[in-house]
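Every read-out reported here was derived from the displayed coordinates using simple, explicitly stated rules and does not represent laboratory data. Just so we're clear, the structure is a prediction, and the values are computed from it rather than from any experiment. As a convention, Cβ positions derive from the backbone with ideal geometry for all residues, glycine included, and neighbour counts pool all protein chains shown.
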Amino acid sequence: MKILISADMEGATGVTWPADVLPGTPQWERCRAMFTSDVNAAVLGFLDGGADEVLINEAHWSMRNLLLERLDERAQMLTGRHKSLSMVEGVQHGDVDGVAFVGYHTGAGTEGVLAHTYLANALTGVWLNGARASEGLLNAHVVAEFGVPVVLVTGDDLTCRDAEGYAPDARKVAVKDHVSRYAAVCRTPARTAADIRAAAKEAAALARRGEPAEGGPFTMEMEFDAAHLSDVSTVVPGVEPSGERRVRYTSGTMYEAIRTFKAVTTIVSSAMEEQYG
Ligand SMILES: [Zn+2]
């Protein structure tokens, strides 16, 4: 049994504000140890539950946050940027039986600690076939296309609630309870590691590769906080204006949809100014 862990940082233990997840800051240095603790707890739990292989895919920012030297030696880690499936890179090779979303968070424009979808602030909402979409929901659709279930989700309590919608059977662990976008009641790394390890052990029993899902076509709609950003995103072929500061496109598969989304967010990032966005 092979498990892929997609590891994001905003939903990690103890993380509540931007400096916690911004590479290079002293806060990030401290929080990356707690992030590593969450991920390693998931690794240990999956191994307890019978996994023979665990691959961790770093999915936050520059994708260089986890401390490799603190991970269980049976795990492997994919680190660094520029991967064709980004946050769920590795699922496409046909050998993954289950995916875990560790350190995930809620989507742009919704409640939740450090809520956003790919871009920290410029996107005020993302919808997939009319339903508001978080990174978890989008990536769950991507992995489903490869026949792989999401078996574990960790993050704040609202992330776990969000995951009930896209992965009802998955085990969930709330490592903190949302108070505001930048505040949470946090549990200690020792406590959350025990909770994550126990949940991952149970989640291993849910890992079973099946038939690829055929859910398309997929219409993605995005709303930005400024008109120049929706305008610039229409340089991506197929992306059309759909309302004030909104654009839309339709893809036949989620694989194409997530790659077009990546193209849009990359172009939009290049059009943003510091402070004013
Ligand atoms: Zn994220």
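Within the range 205-226, can you find the residues that are surrounded by 15 or more Cβ atoms within 10 Å (Cβ to Cβ) and among the acidic types (D, E)? The answer is E221, E223, D225. Residue count for the range 136-158 satisfying the condition of being in a helix (DSSP H, G or I) and within 13 Å of the ligand (Cβ to nearest atom): 4. The condition of being of a type in the set (A, V, I, L, M), surrounded by fewer than 23 Cβ atoms within 10 Å (Cβ to Cβ) and farther than 29 Å from D95 by Cβ holds for only one of A183, A144, that being A183.
When A190 is tested against (1) among the small types (G, A, S); (2) more than 20 Å from the chain's Cα centre (by Cα); (3) in a loop (DSSP other than H, G, I, E, B), exactly one condition is not met: (3).
The rows are residues; the columns are (1) assigned to a loop (DSSP other than H, G, I, E, B); (2) among the β-branched types (V, I, T).
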residue	(1), (2)
G210	yes, no
G215	yes, no
E223	no, no
V235	yes, yes
G238	yes, no
R248	no, no
A257	no, no
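With the condition kept exactly as written, say whether any residue in the range 28-36 is in a loop (DSSP other than H, G, I, E, B) and free of Cβ contacts under 8 Å to residues at least 60 places away in the same chain. There is no residue in the range 28-36 that is in a loop (DSSP other than H, G, I, E, B) and free of Cβ contacts under 8 Å to residues at least 60 places away in the same chain.
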